[in-house]
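Below you'll find the structure, written out as structure tokens, and then a few comments.
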Amino acid sequence: MWNYSFFDYTSKPTYLKYVTAFLLVAVVTVLKICLFSTVGGETPFLLYFAVIIFITRYYGSRPAIFASVLTSIAISYFSLSPQNGFRLSPNEALQIIVFLGECFFLASLSFLQDRASEKLDEHRRVFQILVEKSSDCIMMLKLDGEIVYNSPSVVGVTGYSAEDLLGKQLWSLLMPEEITNVKEKFYQIASHPEKSIQFLHQLKHKNGHVIWIDSTIINLMEEPLVKCLVLNFSNVTDRVVRERQMEDFIGIASHELKTPLTSLKAYTQVLEMRMKKENNATSTILVNKIDKQINRVMGMIFNLLDVTKLQSGIMNLNVSDFDFNDLVYEIVEGIQGSCDKHQIVTDLGPSAVIHGDRERIGQVVTNLISNAIKYSPDASSVSVTTAVEDSTLKIFVTDYGIGIPENEIRSVFGRFYRVQSVRESFQGLGLGLFISSQIVERHGGEMGVISKVNEGSTFWFSLPL
């Protein structure tokens, strides 16, 4: 291939562009004078067009305009009749004007192209800087997992240089126990263009130690300029270690607190029975209050234990077939018995048999109804509705309370998240909805909420039949 970079005007001083334009016009003029009978008389503009196009392409619009004016002067003086003079007929003057118009048009196109190229180059430089300076790593992979590109930040995360990784298989960087899981996700995305998936896994650093990686794979095989799977990842080892330490602490602390609280609850129950036998109403009320607070603390501890189990992947589901409507009626009856202010209105659809953990699903329903009562202190009722749609059971729990701001709806299912407006007014750890959503997901269902501030909320979840 020919290398045209020598002619590229962007690398030349300004004066050299005009000197080159002048010399090219002069050379063509001399050539036409020497070969006037062949290429000069009949076609005075022919060779000059090639010069103008060349200068426009490689030296820019302004040198092209300069060359066009020089060419017009040269043609007027040397090529048009009478030669060696500037006396032009109207027809010849019109030819010169048309020639200049065509040249100016070419120069204008060149100017617009230059501006567009500059903007494109600027965007490319910005993108290149973002990729090269980003702390996140980018890999481009073939369908077989071969690495064909690495961003510079890969060195800092993996210890390997970009050159070391080119041509390697992604699997060679993974821990043996991670390969099957990552391959499964990789090929799952490979068969779905434009789709992406995020997951956490381990990776071997060049120096031998193991790091935790938060990765996202996106399939861009159908993008003509990419035609690869793109892996975006970052080192989250510190975060994972902190989370594991926190989970261990929560698990140990919860177990240690659970035992004395269980004993304390047993003592309060014995004390309550004695107070009732002695007809000591005042003491009975106080013992009931103590018992309620113990129940609240134990509920928090059980939630912390559930979170630890979920994060550790050790929450086992005791799966069986059960009637969902029976479960809802049972829960509503239990909650209604201890709730005088709110009426729980039920509107259940046809009876449906669910294959799942009855206790855990009941935990979700209980949490949603309890929240509906808790966060609608001025309302008199909450409603529970079920419906079956396309082999899916849906349950809706609606309250008429404080509602959730639109900008916080996405976050309510997060761990330890509590809506800003209720943090001071209502007690809690912000774990109930997180645990509920995880339980529903473990059953293959979905969970969501529709809410409006000061009008209420409808929490729902679905389960496959």
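Listed values, structure above:
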{"read-out": "Residue in the stretch 291-314 that is farther than 20 Å from PRO464 by Cβ, modelled with pLDDT of 85 or more and assigned to a loop (DSSP other than H, G, I, E, B) present", "value": "no"}
{"read-out": "Number of the condition not met by ASP248 [criteria: (1) modelled with pLDDT of 85 or more; (2) of a type in the set (D, E, K, R); (3) surrounded by fewer than 15 Cβ atoms within 10 Å (Cβ to Cβ)]", "value": "(1)"}
{"read-out": "Selection from the stretch 397-420 of residues that are assigned to a helix (DSSP H, G or I) and either in contact (Cβ under 8 Å) with a residue 60 or more places away in the chain or of a type in the set (D, E, K, R) (or both)", "value": "GLU406, GLU408, ARG410"}
{"read-out": "Residues that are surrounded by 16 or more Cβ atoms within 10 Å (Cβ to Cβ) and among the β-branched types (Val, Ile, Thr), drawn from the stretch 373-418", "value": "ILE373, VAL382, VAL384, THR385, THR386, ILE395, VAL397, THR398, ILE402, ILE404, ILE409, VAL412"}
{"read-out": "Filtered residues of the stretch 323-349 (kept if part of a loop (DSSP other than H, G, I, E, B) and either hydrophobic (A, V, I, L, M, F, W, C) or over 16 Å from PRO464 (Cβ atoms) (or both))", "value": "SER338, CYS339, ASP340, LYS341, HIS342, LEU348"}
{"read-out": "Test: residue in the stretch 10-19 that is in the same structural domain as ILE73 (by TED's automatic domain parsing), more than 22 Å from SER72 (Cβ to Cβ) and modelled with pLDDT of 80 or more", "value": "yes"}
{"read-out": "Within the stretch 159-185, tally of residues that are polar (S, T, N, Q) and farther than 15 Å from ASP144 by Cβ", "value": "3"}
{"read-out": "Condition met for ILE369 (over 27 Å from LEU304 (Cβ atoms) and either free of Cβ contacts under 8 Å to residues at least 24 places away in the same chain or β-branched (Val, Ile, Thr) (or both))", "value": "no"}
{"read-out": "Candidates LEU286, LEU271, LEU305 - the one that is surrounded by fewer than 16 Cβ atoms within 10 Å (Cβ to Cβ) and without any contact (Cβ under 8 Å) to a residue 60 or more places away in the chain", "value": "LEU286"}
{"read-out": "Residue match in the stretch 339-357 (condition: without any contact (Cβ under 8 Å) to a residue 60 or more places away in the chain, crowded, with 17+ Cβ neighbours inside 10 Å and of a type in the set (Lys, Arg))", "value": "no"}
{"read-out": "Among (1) more than 26 Å from GLY401 (Cβ to Cβ); (2) touching a strand residue (DSSP E or B) at 6+ places or on another chain (Cβ under 6 Å); (3) of a type in the set (A, V, I, L, M, F, W, C) - the single one LEU348 does not satisfy", "value": "(1)"}
{"read-out": "Selection status of THR38, out of contact with any Leu (no Cβ under 7 Å at 6 or more places or on another chain) and modelled with pLDDT of 80 or more", "value": "no"}
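The values are calculated or read from the model by the stated rules, or taken from the named source; none is laboratory data. What you are looking at is a predicted structure, and each value in this text was computed from that prediction instead of being measured. Cβ sites come from the backbone with ideal geometry, for glycine too, and all protein chains shown count toward neighbours.
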